[in-house]
Structures are given as structure tokens and as C-alpha cells.
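To start, the structure itself, in C-alpha cells.
Values in this text are rule-based calculations from the coordinates and carry no lab data. Just so you know, these numbers come straight off a predicted model, no measurement behind them. Methodologically, a virtual Cβ is constructed for each residue, glycine included, from the backbone with ideal geometry; neighbour enumeration extends over all protein chains shown.
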Amino acid sequence: MCGIVGAIAQRDIAEILIEGLKRLEYRGYDSAGLAVISDDKIARLRRVGKVAELQKAMADEPIDGKIGIAHTRWATHGEPNEKNAHPHFSNDEIAVVHNGIIENYEPLREELKSQGYTFSTDTDTEVMAHLIERERKSSDSLLQAVLKATHLLEGAYGTVVMERSQPEKLVVARSGSPLVLGKGIGEMFIASDQLALLAVTRQFMFLEEGEVAEVSRRDVTILSPDGDIVEREFEESTIQHDAGDKGQFRHFMMKEIFEQPTSINNTLEGRLNNNSVITESFGNRAPELLAKAESVQIIACGTSFHAAMVAKYWIESMVSIPCNVEIASEYRYRKTVVVPNSLFISISQSGETADTLAALRIAKQQGFMASLTICNVPGSSLVRESDMAFMTRAGTEIGVASTKAFTTQLTGLLMLATALAQSKKTLPESEITNIVSQLKRLPIDINEALSMDKRIEEMAEEFNEKEHCLFLGRGEQYPIAMEGALKLKEISYIHAEAYAAGELKHGPLALIDQDMPVVVVAPNNELIEKLKSNMEEVRARGGQLYVFADKESEIAENNGIKIIHCSASSHYIAPIIFTVPLQLLSYHVAVIRGTDVDQPRNLAKSVTVE
């Protein structure tokens, strides 16, 4: 959520700032703004809505300059209006953009008011602007003023500060919210995500936790939280912004659904032998650490949490060691017990999810044997701070509702479970070979699942007038049902809930009537007969069933049951395969209902604040 772009150059940078903001639109936001130093003053434009509105305003009110900052805001403190949009000023001398939340902003606000500072917004960020302006009066430089101000802040921030009287320098600070510096030829750039800067540079340097830096056209001076000089080099990035347009598709989400065979193939590439998973794919020390692991703790949020829940089924059934899964926002705020030789795993598409990152930092103090992250973004905070990293290689995902990031996470987690089983010899070699064979076939199976698109689109018409929906699954398909429900509620705004099908009699049956569609995930596994009994409970109460089933499940389509056949060649990969039709169903329902598929209301792609 929120996006930051900054630039200092010999050329006009206003259009560079706008382009950077456009590349960050996928993160979610409700307003946008920019400020540049021009003619010895700070000129500012802000607009509610999309970056396109800001661009129109700039065409009507041109501003230019060689140093500037820009921001897309996702409202936390104060309504999404022009007054609260960034950048924020202090006495027309200091301009600030900020990602994160300042938790102690209220006492700071009252203190600053008592000292004569006037507030014109409802945001926590304006406190930062005034605080820095106050500290500047007793500091030799803006860098020192920002460093002193950060020592007074509690919470999370990634911030860029500009001073009217210093048009050749920007100052940046990071605590809990990511910032990256980009180096050009005689120019420097700043962003909250390196994707924003790929049009202007491939040379990047990441700011670490608690650091403050002064940025000029040619130099960067980094200070530790204690004020010591930090030496760090820029590094060449190979990351690709491969999602620049929708191609033949109406929405990015649909494009990304159909990219899944390629994305999964990328996840697998170079990581499988003929009959085994290459354990070193998870890190150089992975063979030693996986063999030593006696338990696993997985932490994640949202869609990644559902991937973690599937992994629990895989790990405990294949490896016979305990696997605990917990939502990161819960884990970080409760007392936990760490058993010896436990492997800590974090899962995040962005690698910057605030709660997951905080949980990792707590885990590193708790005595876990080692940490591994399953992530899609090289160079992200989780990747840099974990002992080992497995990159999913999903490519840039623009749609807020995760699709290919989820299935590549599942693919990586199945590979991890297999690598653990190899290390501990808990499965016969023939079974390992079978799993590897099914993984290699996975892109083909995903393509077959995508071929059901037209039938699912027709089925989606029946959801247009519905306001509630239940999803059912059993075993490792229960988390897939949860993911299906999340997708439907995220983009169609239909209230959807998922249950383990065996829980129907414990409450949810009270909801069943002709207006409550029930979506069932029904692969042909050892629980299929139990699931059929659960479906009959729904039919007996007048509910309409929409079943995604294996042909071998022998579920007949008749009154009250509509079936789309979806086959998986192995029960191991079935959760990944059965995810695809649920994604397609949610997409088509949302299109029919006319919602904003790629940027659903109130949601952000990367949740970098609590």
C-alpha cells in the first residue's frame, strides 16, 4: 500500500515522478500528489483518485523542477481527500512523503501545537513534517534533523524529506517500511519499490532498518540509527517489470490467471532432477538444515496464509514432523514456545508485509534453528533478513487479488515438503519420483484447468444477484475453499465464507436456503464419500451446489447440483489445480457485477503497515 517516488537530476523530473507512481498503482491507493522545488519555492499538486487525475492536473497547471517527491496514499489517518494527500508541508520549508503509521503522533501533535505549529490535515504524517522542521532549527543539516526526529517517532515509516533552501539534496529514512535508492548518470532516484524506477536505472541500493541517508545527484551518505557512517555499494538488478500491459485480456487479474502455467514452469526451472527436488534450491545450507529440522513454524497473512495451511497437510503427511501455521498479526503479539531444531518459514508475495516481517524479527530472537522465506520479490526485506530464501519467480503481479503468486507459493511449498521428505527419508524413493513427475506435469494440468473458462463464465451468471456464498472443502482442499471464498469477496464484494465440510452440522447449515449458493471442491481422494454426505445435507435443505469435481468422484449432475469436472493427476498437486477454477469463477462474477477487478475497494496489494 502507498507508493513513494523521489528524484534529483539535471533534467526536469516531474514526468519521471508521475511514471514512477503509475508503476506503483498495483499497490492500492486513494489519492496522489507530488512536489518539486521550482523558482525557489516548493510547488505542489495533489488529487483524489487515480494518478491519471494528477497527470491531468499537471497538464492544466504545469510544474517543473530538478528535485522532487511524489506519493500515492492509502488512507489510514484522515479521509481520502485532497487535504490529506501527500506530500505534506511545514511552513512551506519542509515537504514530506511517508509510508507507514506513526503510532505516537497524537502526543507529538499536541506538543507541536503548544509550540506554535498549525496543523491543516488529519494525518499522522504532518506531525513528521513539523517535527523535522523544528529539529532543523537546531541542526547543522537536514540529515541531522531527520535523524533526530526519527528518534522521537514510534511506529513504521519509509519517508523522503525535501527542504526548500536545499534544492540539491533529499533525505530518506526507513523503519519498518521499505525504501530503495536508484543510481543513474549524474542523478539519483528513490522509491518504495524498485519496479517504480526500472525505466530510469538498474543500479539499486536498499536502505536497512533504522537508517537515514542524504541523497544528492552523485552521492549517498548513509547513517546508522546511532549516526555512524554506513558503507554500501549499488548493485545491478535483474528484476523485470513484465506486466506493463494487459495484452489480449480485459484485466490484469485474468492475464495473471492465464500466466500461471508459465509462472509455475519458472518456479520449477532448474530445481528438479529426474527423480528428486534439488534441496539447494532453498539455500546453500538447506541440505543440512532440512535434515536437522524436527518441526516447522509457518507465518503468513491473507492468501499466503492459505498456502501455509495447505503446506501443513503436506509436511505432516509426507515428513511426519509437526507443522504449526499462524497468522503473522497474531503470532507477533502473543507468547509462543519454540521447540528445539525448529525451522521458521515466512511466506509473502511482496516480501514487505509488515506483520510477517515483524514476526520474522521476533523469531530471530526466539531461538529458531533457521529461517526460510518463500517470496516473489528479490531484494525485499524478508529475503534480505532470512537465512534462506526460495524465490517463486511468479513475475510482477498487478492485480490486488493474488493468483499466480498463490499457485507458485503452493508449488514452492510442495517442493519444500518433498525436499524435507528426501532429507529425512520419510517417503519411498518411488513416491518422491512420482511427486517430481507430477510437479513437472503441473503446467500442463494448469492449462487443462484453464480450458474450463467458458463453462465457468456461464456458471458465474447465476451468482449475479447473490449476496452470500459458502465454500466447502475437506483435508488439504479446505484451505483452497478458504482461498476461493477470499477471492470472491475481494473482487465481487459478495460475502463469502469457507468451512471444512464436516463442520456443516455445527452451525453453517442454518444458513442454507435457495438463495445461498454452495461451492464445493471435490477431488477424488480418501475423503470423497464423506464430502458426498455433506453435499446431501445441503441438497436436503434446498441449497444449490456448484461442484468442481474429478470425473472419478462419480458425482452426478442433477437437480440442485451443477458440476464442472476438474482433474488432477495426483492428490499431491490437486490443491494447486483446483485453485484455478475458483479464481476464474470469482473473476467472472466480479466482471458481471461491474466491480473494479484489478483494484477492489479498500484493499492494497502490499500491506506494509499494521
Thr356, Thr121, Thr221 arranged by Cβ crowding within 10 Å, fewest neighbours leading: Thr221, Thr121, Thr356
Size of region 231-306 as Cα extents on the principal axes (Å, biggest first): 48, 39, 32
With eigenvalues of the C-alpha gyration tensor scaled by 5 and rooted, region 505-554, Å: 20, 12, 8
Calculated SAXS-style log₁₀ I(q)/I(0) at q = 0.22, 0.24 Å⁻¹ - region 136-188, Debye, Cα scatterers: -0.93, -1.03
Most to least packed among 146-157, 526-537 [average Cβ atoms within 10 Å]: 146-157, 526-537
Relative contact order of the chain, defined on C-alpha pairs under 8 angstrom at six or more residues apart (%): 12
Ranked Tyr493, Tyr333, Tyr29, criterion: other C-beta atoms within 10 Å, fewest first: Tyr333, Tyr493, Tyr29
DSSP-assigned coil residues among GluC sites (Glu not before Pro) in region 371-472, each with at most 13 further Cβ atoms within 10 Å: Glu465, Glu467
Reported label for calculated semi-axes √(5λ) of the Cα gyration tensor in Å given (i) 50, 28, 23; (ii) 62, 45, 23; (iii) 45, 28, 22: (iii)
Equivalent ellipsoid semi-axes, region 156-276, via Cα gyration tensor eigenvalues times 5, rooted, Å: 35, 19, 14
Distance from region 44-79 to region 514-530 (C-alpha centre basis), Å: 49
All-pairs alpha carbon distance profile, region 82-150, 10 Å steps from 0, percent: 22, 58, 20, 0
Dipole magnitude (debye, nearest 20) for region 15-80, charges at Cβ of Lys, Arg, Asp, Glu: 220
Peptides 433-439, 163-169 ordered by average Cβ neighbours within 10 Å, highest first: 433-439, 163-169
Entries of Lys454/Lys487; Lys454/Lys505; Lys137/Lys169; Lys255/Lys551 with Cα pairs more than 24 Å apart: Lys454/Lys505; Lys255/Lys551
Partners for Lys489 among aspartates and glutamates (Cα-Cα distance below 18 Å; same-chain residues under 8 apart left out): Glu457, Glu461, Glu462, Glu465, Glu467, Glu497, Asp515, Asp596, Asp598
Burial ordering of Thr408, Thr392, fewest other beta-carbon atoms within 10 Å first: Thr392, Thr408
Net charge dipole size for region 373-500 [Lys, Arg +1 and Asp, Glu -1 on Cβ; Debye, nearest 20]: 560
Listed residue (Cys375, Ser90, Ser451) projecting farthest to the positive dipole end of the chain, Cβ model: Ser451
Cα Rg, Dmax, region 14-72, angstrom units: 10.7, 34
Region 365-449: trypsin sites (Lys or Arg not before Pro) in DSSP coil with no more than 15 other Cβ atoms inside 10 Å: Lys425
Rounded D (µm²/s) - region 364-456, Kirkwood Rh over Cα pairs, Stokes-Einstein at 37 °C, 0.692 mPa s: 210
Within straight-line cross-link reach of Lys424, aspartates and glutamates at Cα separation under 12 Å, skipping those fewer than 8 residues along the same chain: Glu288, Glu294
Compactness index (Cα Rg / 2.2 N^0.38 Å), region 470-610: 1.05
Eligible lysines near Lys335 by straight Cα distance, threshold 23 Å, same-chain separation 8 or greater: Lys312, Lys364
Helical mean residue ellipticity (222 nm; -39500 (n - 2.57) per DSSP H run of 4+; nearest 500) of the chain: -11000 deg cm²/dmol
GluC sites (Glu not before Pro) lying in DSSP loop within region 277-319, provided at most 14 other Cβ fall within 10 Å: Glu294
Unit charges on C-beta of K, R, D, E only; dipole of region 451-610, Debye: 60
